[in-house]
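Remarks on the structure that follows.
The values are calculated or read from the model by the stated rules, or taken from the named source; none is laboratory data. All of these numbers come straight from a predicted model, not from anything done at the bench. All Cβ positions, glycine included, derive from the backbone under ideal geometry; neighbour counts span all protein chains shown. Ligands, DNA and RNA are excluded from the accessible area calculation, which covers all protein heavy atoms including side chains. Shrake-Rupley method; radii C 1.70, N 1.55, O 1.52, S 1.80 Å.
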Amino acid sequence: MVIRAVLPSEHAAVGELVVDVYRSIIPDLDEYADELRDVAGRAQAGVLIWVADVDGALAGTVSYVPGLGPYAEFKDPRGAGIRMLAVLPAFQGRGIGEALVRACLDRARVDGRQRVYLDTTEWMDTAQRLYRRIGFVRAPELDWEPTPGLTLFAYVYQVV
C-alpha cells in the first residue's frame, strides 16, 4: 500500500469511490453526493486529497483541509481538518483508513497546526473507533446539523 497525492487523471474515479462508500452507509446523500464527487474543486481550493494505492488499485481516499477556507468545518485558525475518509469495502480491515488519517496528521505537523478536526455520523461507528484509537477525542460542543435530522459528531486531535 502506498499513500500518495491524487493525480488529476484520478479525480473522477476518486469522487465516485467516495460516493459509493458513503452511499453504502448513508443511502440518501442528496446534493452532498455532488460535493463528494468534486475532487477537482477541492484540489483547486487547496485541499490535499490523498489516496491509498494497493497494487495499482485505488482502495481509499481522504481530504486534508490545511486551514480555514471553504472546506473547513472548524473555526480554529490554528487547526486543520479531515474530511471524506472512504475505504472501499473490499479493502477494509487492512489498516488503510488508519494510514490515510495518519498521513493527514503528519501533514498537520509539517504545517504547524495545533489541532485536527473531523466530523462523523452516528452510522460511522467503525470510523469512530478508529479515530478514538488514534487519539481523537469527542468534542460534543462542536457537534452540528448540516441538515435537519443529521447530527455530525465532532472529534479533535491535539497535534502537539
For the Glu98, Thr147 Cβ pair and Förster radius 35 Å, calculated FRET efficiency rounded to 0.05 is 0.75
What does the net charge come to around Val159 if you take all other residues with beta carbon closer than 11 Å to its beta carbon, with K and R at +1 and D and E at -1?
+3
Of every hundred units of 1.4 Å-probe accessible area on the chain, the number belonging to carbon and sulfur atoms, as a percent, is 53 percent
Helix-only estimate, please: 222 nm mean residue ellipticity of the chain, summing -39500 (n - 2.57) across DSSP H runs of length 4 or more and dividing by its residues, to the nearest 500.
-9500 deg cm²/dmol
Backbone HN-Hα couplings from phi across the stretch 26-43 [Karplus 6.51/-1.76/1.60, Hz, Gly and Pro as x]
10, x, 9, 7, 6, 6, 5, 4, 5, 5, 4, 6, 7, 5, 4, x, 5, 4
In debye, nearest 20, what is the charge dipole magnitude of the stretch 60-160 about its Cα centre with +1 on Lys and Arg Cβ and -1 on Asp and Glu Cβ, if you could check?
440 debye
Taking a 1.4 Å probe, which of Trp123, Trp144 shows the most accessible area, and what order do the others take after it?
Trp123, Trp144
Between Asp20 and Thr126, what FRET efficiency follows from the Cβ-Cβ distance if R0 is 22 Å, with the result rounded to 0.05?
0.85
When the Karplus curve 6.51 cos²θ - 1.76 cosθ + 1.60 is applied with θ = phi - 60°, which whole-Hz ³J(HN,Hα) does each residue of the stretch 99-105 get, with x for Gly and Pro?
4, 5, 5, 5, 4, 5, 5
What label, among (i) 150; (ii) 108; (iii) 135, belongs to volume of the Cα convex hull per residue in Å³ computed from the structure on display?
(ii)
Select from Gly67, Val159, Gly81 the residue farthest towards the positive end of the dipole of the chain; place +1 on Cβ of Lys and Arg, -1 on Cβ of Asp and Glu, and compute about the Cα centre.
Val159
Taking amide H positions as placed 1.01 Å from N in the peptide plane, with prolines and chain starts having none, which residues 5 or more places from Gly67, or on another chain, fall under 5 Å of its amide H?
Gly81
Short version: ³J(HN,Hα) in whole Hz for each residue of the stretch 8-15, in order, from phi by Karplus 6.51 cos²θ - 1.76 cosθ + 1.60 (θ = phi - 60°), x for Gly and Pro, what are they?
x, 5, 9, 3, 5, 5, 5, x
